[in-house]
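The values are calculated or read from the model by the stated rules, or taken from the named source; none is laboratory data. Model, not experiment: these values are computed from the prediction. Using ideal geometry, Cβ is built from the backbone for each residue, glycine included, and neighbour counts are taken over all protein chains shown. These area figures cover heavy atoms from the full protein model, side chains too; ligands, DNA and RNA do not enter into them. Shrake-Rupley method; radii C 1.70, N 1.55, O 1.52, S 1.80 Å.
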Amino acid sequence: MANKPRGSTTTKNKQPPANPLLAPWRTPFKAPPFKAMEPRHFMPAFTAALAAHKAEIREIATRDAKPTFANTIVALEKSGALLSKVADVFFNLAGADTNDALQAVERRIAPRLARHQSAVMLDRRLFLRIADLYERRADLGLDAEALRVLERTYKAFVRSGAKLDAKARRRIAEINTELAVLATAFTQNVLADEQAWHMILDGERDLAGLPDSVRAAAAQAAVELGHPGKHAITLARSSVEPFLQFSARRDLREEAFKAWIRRGELGGETDNRSIVVEMMGLRAEFARLLGFETFAAYALDDTMAKTPAGVRALLDKVWPAALRQARAERDALERRARADGENFRIAAWDWRYYAEKERKARYDLDEGEVRGYLVLENVLEAAFDTAGKLFGIVFEERKDVPVYHPDVRAWEVKTKSGEHVGVFYGDYFARPSKRSGAWMSAYRTQQKLTGDVRPIVVNVMSVARGAPDTPTLLSFDDARTLFHELGHGLHGLLSDVTYPSLSMTSVLQDFVELPSQLYEHWLSRPEVLKRFALHAETRKPMPEKLLERLEAARTFNQGFQTVEYTASTLLDLELHSLADTKGLDIDAFESETLARIGMPAEIVPRHRIPHFQHIIGGYAAGYYSYLWSEVMDADAFAAFTETGNVFDRKTAAKLKTHIYSAGNRQDALDAYIAFRGRPPEIDGLLKKRGLA
C-alpha cells in the first residue's frame, strides 16, 4: 500500500449526491425518480434551469443571422427543456402531495418564474425576430403544422404584451409577478381551510341514515385522522357530498355544508376575499394595457366563444330552462319533506338529502345500492377497456415505475401490437396533502421535435378510501369523474404533434374539455355497465332492472346541477367583466349577482368566489368552458349512436385523428368539423340534461 500524505484520511471525502432533478433519469421510461427527490433539491434545480433557459433565449434573441423558422421558432421550441422538466415535477407534487417545505418553495419560486416568463415573452429583440417571420409567413414554405406554431407563437407574444412600449411592458411584468404571488396564496389558503376542518361522528345517532359504504369510508377517514373506532367527515367532495346526501341529522348536515361553502372566507390569515379583490384589479389593469375593456374580453378573444357576448348567448339558452327545472325540483322536494312530517322550508343543506329520497320514491333507485356495483378497480378496468375498444391501446400495470406516494399506481400504455405509447399514473384517494377536486396533468408531454418523446400523464382524484382489505366503492358521480379525467389523460397520451407548444395543454380552454366530457358518455352505456358494474361482494353484474332504473333517472336533479354549475359560470364571467374594480366587495358582489339572475335560495353555486380555484388558475373568465364543450360532446357522441355501435371503428378513428391526437395543430372549430362533418348543435346538450 502506498504511503499517504500527512493529514490525509483513510477514506476519500464523499462528494455530495447530485441533484436528482438535474441528473439524467435512469428509471423505466425516464420517469421522475421520486424517492431520490427532496424539497431542498427544488430551489437549486430551479436556479440552474432558469439560468439555462435565460442563456438559450439570449442566444436566440441576439443572433446576427436573419430570422429563419429554424433559428428562431424551432430554437424557441427546443429551449427551456430543463425548466419544464423541473417545473412539471414540482407543480404536480405541490398539487397532489404537498407539505410545508414544498409550500415554502412554491411561495419563493412563484414570483421568480413569473418574472422569468415575463422577461421571455416581453423580450423586444426576440419578438422582432418572431414578428419578422410572421410577416413573411406566406413565403416561408412552411407545412401546416409549422405555420400553425408560428402563428400561435406570434399571437402568444402579442397577447403577453410584446408589442407595447417599454413602460407598459414593465408594468405588465410587475402585474404578472404580483398575480403569481396572490394565486399561490389563494390556493394554499383553500388547502389550509380544508385541512383544518373535519367532523367526528361518535355513535349511531351521528351516523343515522348513512349506508354501509359511506360509514366505511368515514371510519377509514377517522383512522387516518387519529381517531380509530370513530367516523369522520372531511371536506373532500367524496366525503362531504355523500354525507349531505344520506345523513338524517339535519343539524350535522348544516354544519358540514357551511364548512364546505365557506372555505376561503373564514377570516384570519386564510381569508381569500381581499386576495380576489386585488387580483381582479390587476387583471383589469392588464387587460386595459392590452387594449381590452375588461379581462373577460381579453381572455375570451383567444377562444371559440370569442367574446363575453358569445358566452352569454349560450348561457341565455341554458339558464332559463335550468331555472324552471330547478324550481320544479324544489317544489317536489318540499312535498317530499312534508310527506315525511317536516314543516320547514328546504334549505341548501337539505337538497341532496331529500333529492335522494325523491329519487328513491320516483325511480326505486338507491345511490347506496348503485355504489355496491361501482368498485373502483372495476370502473378503472371499464375505462381502460373503453380506450382499448376505441383507440386500440392497452394499460399494463408496472410496479417498477417510480411513484410519488404509496397510493399512486403506474401503467405503461401500449398499442395492441406492443408499441409504447406513454406512462399513465393514477392517484385516486383523498388525503390531507392533496388539494380537493380532480384533474389531469403531465410530467412530460408528447412531441417529436427532439426525438420521439412519449408522454407521462397523471390523473388525480380525491375518492374516499374504503376500509382496509375492502374494495373502494364509488358514487356514480365519482365514476363519471374517473372517466372524465381519463378522457383528458387520453388527450395527452394519444397526442401526435411535432412541436411542444402545440401539445394538448395549449388547446383552447373551451375546447379542451371536449375529450374528457365526451369520454364520460361510455360509462353510462349498458355495453359497459353489464360487463364492469359487478357487485363488490357477489361479483354478480348489475341487474337489468337496475340498469333500466338508472337510465330512467338519468336526468333526475339536472335542474339543480345545471343551476349550481351555471351560477358559478355567471359569477366568473361577471367578475371578470368589471371594468372598474374600485370598492369591490366580494360578498356583496356575489349576493347581488345571484339575486339579479334569480338564483334559488335553496341552491348555492358549485364554487363560491373565495374558494373558486378554477378562475384563479387557468379558467379565469373561462369556467363556461365545460358547458361550451358539452354542446360539442353531446353532439359528438351522437356520431357514434347514429352508427348503431358506440364503439364504431371508423368513427373512433376519425375521433382519434382530429380530436384526441391533434393537439392544437388546427383551429378548434375546424378540428370539430373535420370529425363531425358540421359545426356542433346545442339541441344535444339540452336533451342530455333533460332541459328540452
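Observations on the model:
- GLU537 closer than 30 Å to GLU224 by Cα and surrounded by fewer than 16 Cβ atoms within 10 Å (Cβ to Cβ): yes
- Meets criteria (in contact with a His (Cβ under 9 Å, 6 or more places away or on another chain), free of Cβ contacts under 8 Å to residues at least 24 places away in the same chain and at negative phi) for ALA299: no
- Segment 331-355: number of residues that are outside any helix (DSSP H, G or I) and either under 20 Å from PRO242 (Cα atoms) or open to solvent by less than 50 Å² (accessible area, probe 1.4 Å) (or both): 6
- Looking across segment 278-292, just one residue is open to solvent by 30 Å² or more (accessible area, probe 1.4 Å) and among the aromatic types (Phe, Trp, Tyr), and that is PHE292.
- Residue match in segment 73-96 (condition: more than 22 Å from MET440 (Cα to Cα) and touching a strand residue (DSSP E or B) at 6+ places or on another chain (Cβ under 9 Å)): yes
- Residues that are open to solvent by 10 Å² or more (accessible area, probe 1.4 Å) and either closer than 27 Å to ALA217 by Cα or modelled with pLDDT under 95 (or both), drawn from segment 489-510: MET504, THR505, SER506, VAL507, LEU508, GLN509
Residues checked against (1) of a type in the set (Gly, Ala, Ser); (2) without any contact (Cβ under 8 Å) to a residue 24 or more places away in the chain; (3) touching a helix residue (DSSP H, G or I) at 6+ places or on another chain (Cβ under 6 Å):
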site: THR386; (1), (2), (3): no, no, yes
site: PHE391; (1), (2), (3): no, no, yes
site: GLU396; (1), (2), (3): no, yes, no
site: PRO402; (1), (2), (3): no, no, yes
site: ARG409; (1), (2), (3): no, yes, no
site: VAL413; (1), (2), (3): no, no, yes
site: HIS420; (1), (2), (3): no, no, no
site: VAL423; (1), (2), (3): no, no, yes
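- Looking only at residues in segment 103-123 that are surrounded by fewer than 19 Cβ atoms within 10 Å (Cβ to Cβ) and more than 16 Å from ASN176 (Cα to Cα), the one that is nearest to the chain's Cα centre (by Cα) is GLN103.
- Number of positions in segment 224-269 that are at positive phi and touching a residue at least 12 places away in the same chain (Cβ under 8 Å): 1
Rundown of residues vs (1) within 18 Å of the chain's Cα centre (by Cα); (2) assigned to a loop (DSSP other than H, G, I, E, B), yes/no style:
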{"position": "ILE603", "(1), (2)": "no, yes"}
{"position": "ALA621", "(1), (2)": "yes, yes"}
{"position": "THR651", "(1), (2)": "no, no"}
{"position": "ILE659", "(1), (2)": "no, no"}
{"position": "ALA662", "(1), (2)": "no, yes"}
{"position": "PRO679", "(1), (2)": "no, yes"}
{"position": "LEU685", "(1), (2)": "no, no"}
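- Within segment 298-322, tally of residues that are open to solvent by less than 60 Å² (accessible area, probe 1.4 Å) and part of a helix (DSSP H, G or I): 14
- Hits in segment 21-58 (condition: under 25 Å from GLY422 (Cβ atoms) and among the β-branched types (Val, Ile, Thr)): THR27
- Residues of segment 15-63 that are of a type in the set (A, V, I, L, M, F, W, C) and not in a helix (DSSP H, G or I): ALA18, LEU21, LEU22, ALA23, TRP25, ALA31, MET37.
- Only one entry in ASP667, ASP633 is within 18 Å of THR303 (Cβ to Cβ) and crowded, with 18+ Cβ neighbours inside 10 Å, namely ASP633.
- For beta carbons closer than 6 Å, sequence separation of 6+ or different chains, a first residue in segment 629-646 that is under 17 Å from LEU686 (Cα atoms) and assigned to a helix (DSSP H, G or I) and a second that is open to solvent by less than 20 Å² (accessible area, probe 1.4 Å) and among the acidic types (Asp, Glu), the qualifying pairs are SER629/GLU513.
- Within segment 65-78, at least one residue is surrounded by fewer than 16 Cβ atoms within 10 Å (Cβ to Cβ), under 27 Å from the mean Cα position of the chain (by Cα) and assigned to a helix (DSSP H, G or I).
- LEU140 crowded, with 18+ Cβ neighbours inside 10 Å and not charged (D, E, K, R): no
- Filter result for ALA232 (open to solvent by 20 Å² or more (accessible area, probe 1.4 Å), at pLDDT 95 or above and either within 30 Å of ARG283 (Cα to Cα) or not charged (D, E, K, R) (or both)): no
- The set of residues in segment 544-576 being closer than 28 Å to LEU365 by Cα and polar (S, T, N, Q) consists of THR555, ASN557, GLN558, GLN561, THR562, THR566.
- When PHE295, PHE257 are checked against the criterion of being in contact with a helix residue (DSSP H, G or I) (Cβ under 8 Å, 6 or more places away or on another chain), of a type in the set (Phe, Trp, Tyr), over 17 Å from ALA567 (Cβ atoms) and open to solvent by less than 30 Å² (accessible area, probe 1.4 Å), a single residue qualifies: PHE295.
- Some residue of segment 530-545 being part of a helix (DSSP H, G or I) and among the aliphatic types (A, V, I, L, M): no
- Which listed residue is among the hydrophobic types (A, V, I, L, M, F, W, C), buried (at least 17 other Cβ atoms within 10 Å of the Cβ), within 30 Å of TYR354 (Cα to Cα) and modelled with pLDDT of 95 or more, from ILE659, ILE603: ILE603
- LEU627 fulfils the conditions (1) among the aliphatic types (A, V, I, L, M); (2) open to solvent by 30 Å² or more (accessible area, probe 1.4 Å); (3) closer than 26 Å to SER577 by Cα except for a single criterion, (2).
- Residue within segment 558-581 that is among the small types (Gly, Ala, Ser), open to solvent by 10 Å² or more (accessible area, probe 1.4 Å) and either in contact with a Gly (Cβ under 8 Å, 6 or more places away or on another chain) or within 26 Å of LEU486 (Cα to Cα) (or both) present: no
- Exactly one residue out of ILE130, ILE172 is crowded, with 16+ Cβ neighbours inside 10 Å, β-branched (Val, Ile, Thr), out of contact with any Gly (no Cβ under 7 Å at 6 or more places or on another chain) and on the phi < 0 side of the Ramachandran plot, and it is ILE130.
- In the set (1) assigned to a helix (DSSP H, G or I); (2) over 26 Å from TYR353 (Cβ atoms); (3) open to solvent by 40 Å² or more (accessible area, probe 1.4 Å), the condition left unmet by ARG549 is number (2).
- Among the residues listed as THR270, THR184, the single one being over 27 Å from ILE603 (Cα atoms), in contact with an Asp or Glu (Cβ under 7 Å, 6 or more places away or on another chain), surrounded by 19 or more Cβ atoms within 10 Å (Cβ to Cβ) and of a type in the set (Ser, Thr, Tyr): THR184
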